[in-house]
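This report concerns only the one structure given below.
The values are calculated or read from the model by the stated rules, or taken from the named source; none is laboratory data. Please read these numbers as outputs of a predicted model, since none were measured by experiment. Heads up, the Cβs are rebuilt from the backbone with ideal geometry, glycines too, and the neighbour counts pull from every protein chain shown. Calculation scope for accessible area: heavy atoms of the full protein, side chains included, ligands and nucleic acids excluded. Shrake-Rupley method; radii C 1.70, N 1.55, O 1.52, S 1.80 Å.
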Amino acid sequence: MIRIRYIHFIVLALTMLLFQACQDLDDLNINPNGVDPEDADPSLLLATVITQTGQIVVDLGFGHLAGVMQHTQLDGWSGSHNNYNWDNDSHSWRNQYSILRNVQELYTKADEMDLLFYKGVALVMEAYLFGMITDLWGDAPFSAALHGDLEGSENVKPVFDPQQEIYLGIIDKLTEANLLLSGDKKDYESVNATQDVLYHGDIEKWQKLANSLTIRYYMRISEKEPTLARAAINNIVANPDKYPLILEAEEDASVKYIGNSSADSWPSNTKFDISEDGKYFRTKLCATLVDTLQAFNDPRLAVWASPVEYPLVLDPSLPDNGDTIIDNMRYIARNVADNYESTTGYPLDYDPEYVGLPPSCSFAPVYNLNPNLGQGLYNPHASQLNEMYKESAGPMLQARLISSAEVNFTLAEAAYLGWIPRSASGYYKAGVKASLQAWGVGSVYDDYISGVPYAGLEEIMFQKWIASWTAAAESWFDYRRTGLPELQTGEASSRPVLPLRFYYHQKDEIDLNEENANAAIAELEATEYTAPDSRNSAWSKMWLLQGTGKPY
């Protein structure tokens, strides 16, 4: 887990480069404050690509997808987060393709200069970003993407490649990256370790990242292409020298925030967002996660959340409407509790330590008798995030691109399926241990694992879901193909089941490329939950899920 060390001027110099998503790279040449990527050193482009990709991972995994997967809930302005009130104006792939333009330039320059390391790394990041796009939306521009500077309408308005072909294409890129990153040390003498803000120029770790992502994507398509996935994963595991993997916590592909400005700080920080209804104060752990962690006596709960300030205590001896705080505990009369519960339909939570918000709760702002009425105001009777999430940067405030915990749990699943001749239990235990170590509580592993013994696929996916904290996109992708963990929506959710994908964005993805976008939409499969949407719905199935019966 490596700290970002790129100098602040790089961020300033490349700001315009990153966020001009609908501009061609050539348009940036006229920007006097920008850096022409054609003139930029590959190492500077690499730092930008890594950090901006990491920010998207956190924006998803600590944002709306943490709400979908019931890691967190908001108690103010919560519709998109808690209830999936999404539509064709909710999510755009603009930022992903913007970064891909920089990746393209990185690869081109590396190829021209015969820089094997930068070529390999560019392919890894290209695969990662295209994988994210197809995971989230389905069919998307891939083979003809990023060629807008070439003649021809097929480049200005690229075809949306079938999702199956995108997955196979990114696996090919990762396979090539593994070869490029497997040479002798003398082949990589030009590496600028300072600007490699992920692995400091450690070629072997980048090679492990390429192969670990390959495992991720083969497992992603395992329901649709089981024979291919089984043979490929078995081959990788059987040849560890040729295909090394991220299996230890210190090898996690994680990038820390620098914390110099709101643009490079943890998104819930209160250093740059001092509002009393800012993201930190609105974000609570979901009761689904809190109750699970408490049931397992999981030490990660104290790392991620703060105890309630004033626990509720039901005191039958109090007269009607009795309500008082004594020694940092709020005592309430029976009729106070009854009135609240009959009005909201939710029972009060008297837990003396940790209280989470129920999923898709219509009374989130006043949950558990919050005395501070209003959107997103402080609730002393529900658990806030741990105080570290107020900071702009810190040792655990990281963008987790992929972790050793994820890789071990994926291999545990492969072993469970009988695809590799290894112990599913062993990989499961390694995954649990890696996650505990990543969150600074590895010393309790022996006690913890005795309470969560391996028993099959449900345990693997449950622990993998927990371990995806702040990287919840991965648990969403796992849920879609396995139905695990079995999460239930709340009464305020847009549908009675979890969503499956992002809508194609009307302005950025349909209006600009209508014919190809509509062709991709026609390939989606409506479900019983698609209506009242058209086929372009968060509840329609992409190729990956069609015919699998998963998750519904």
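Worth pointing out:
- Number of the exception - V355 against (1) among the hydrophobic types (A, V, I, L, M, F, W, C); (2) part of a loop (DSSP other than H, G, I, E, B); (3) closer than 23 Å to G259 by Cβ: (3)
- Criterion: on the phi > 0 side of the Ramachandran plot and open to solvent by 20 Å² or more (accessible area, probe 1.4 Å) - qualifying residue of G549, G483: G549
- Checked against (1) under 30 Å from L500 (Cα atoms); (2) open to solvent by 30 Å² or more (accessible area, probe 1.4 Å), N102 passes all but a single condition, namely (2).
- The residues of segment 469-486 that are part of a loop (DSSP other than H, G, I, E, B), closer than 16 Å to E413 by Cα and touching a helix residue (DSSP H, G or I) at 6+ places or on another chain (Cβ under 8 Å), listed by number, are L484, P485.
- Pick from segment 43-57, criterion more than 15 Å from E126 (Cβ to Cβ) and polar (S, T, N, Q), ranking: surrounded by the most Cβ atoms within 10 Å (Cβ to Cβ): T51
- Qualifying residue in segment 340-349 (condition: touching a residue at least 12 places away in the same chain (Cβ under 8 Å) and on the phi > 0 side of the Ramachandran plot): yes
- Restricting segment 219-228 to residues that are touching an Asp or Glu at 6+ places or on another chain (Cβ under 9 Å) and outside any loop (DSSP other than H, G, I, E, B), the residue that is farthest from Y445 (Cα to Cα): R220
- Criterion (modelled with pLDDT under 95 and polar (S, T, N, Q)) met by exactly one of Q375, Q384, Q398: Q375
- Residue check, S78 surrounded by fewer than 21 Cβ atoms within 10 Å (Cβ to Cβ), modelled with pLDDT of 50 or more and under 19 Å from the mean Cα position of the chain (by Cα): no
- Selection of segment 183-215 for residues being in a loop (DSSP other than H, G, I, E, B) and open to solvent by less than 50 Å² (accessible area, probe 1.4 Å) yields G183, V191, D196, V197, L198, Y199, G201.
- Given (1) over 21 Å from M69 (Cβ atoms); (2) open to solvent by 60 Å² or more (accessible area, probe 1.4 Å), number of the condition A295 does not satisfy: (1)
- Near pairs, Cβ below 7 angstrom, 6+ apart or cross-chain, from segment 306-320 (over 7 Å from I332 (Cα atoms) and aromatic (F, W, Y)) to any residue that is open to solvent by less than 40 Å² (accessible area, probe 1.4 Å) and assigned to a loop (DSSP other than H, G, I, E, B): Y310/P380; Y310/H381
- Residue check, N178 in contact with a His (Cβ under 7 Å, 6 or more places away or on another chain) and in a helix (DSSP H, G or I): no
- Total residues in segment 505-552, condition in a helix (DSSP H, G or I) and either within 23 Å of the chain's Cα centre (by Cα) or not aliphatic (A, V, I, L, M) (or both): 11
- One residue alone among S153, S143 is at pLDDT 95 or above, open to solvent by 60 Å² or more (accessible area, probe 1.4 Å) and among the hydroxyl-bearing types (S, T, Y), and that residue is S143.
- Segment 356-379 - residue that is crowded, with 18+ Cβ neighbours inside 10 Å and without any contact (Cβ under 8 Å) to a residue 60 or more places away in the chain and, of those, farthest from T324 (Cα to Cα): F363
- Pairs meeting the criteria (first residue in segment 267-293 and free of Cβ contacts under 8 Å to residues at least 40 places away in the same chain and of a type in the set (D, E, K, R), second residue outside any helix (DSSP H, G or I) and open to solvent by 50 Å² or more (accessible area, probe 1.4 Å), beta carbons under 8 Å, at least 6 apart or on different chains) are K279/D273.
- Checked against the criterion of being over 30 Å from P496 (Cα atoms), touching a strand residue (DSSP E or B) at 6+ places or on another chain (Cβ under 6 Å) and not in a helix (DSSP H, G or I), segment 336-344 contains not a single residue that satisfies it.
- R495 vs. criteria open to solvent by 20 Å² or more (accessible area, probe 1.4 Å), in contact with a Ser or Thr (Cβ under 8 Å, 6 or more places away or on another chain) and of a type in the set (K, R): yes
- Where helices (runs of 4 or more DSSP H) fall wholly inside segment 389-460, the ranges with 2 or more residues that are charged (D, E, K, R) and crowded, with 18+ Cβ neighbours inside 10 Å are 404-416, 424-438.
- Within segment 498-542, considering residues that are touching a Lys or Arg at 6+ places or on another chain (Cβ under 8 Å) and among the acidic types (D, E), the one least open to solvent (accessible area, probe 1.4 Å): D508
- Taking residues in segment 77-98 that are at negative phi, and partners anywhere that are of a type in the set (F, W, Y) and part of a helix (DSSP H, G or I), the pairs with Cβ atoms closer than 8 Å and at least 6 places apart or on different chains are W93/W137; N95/F19; S98/F19.
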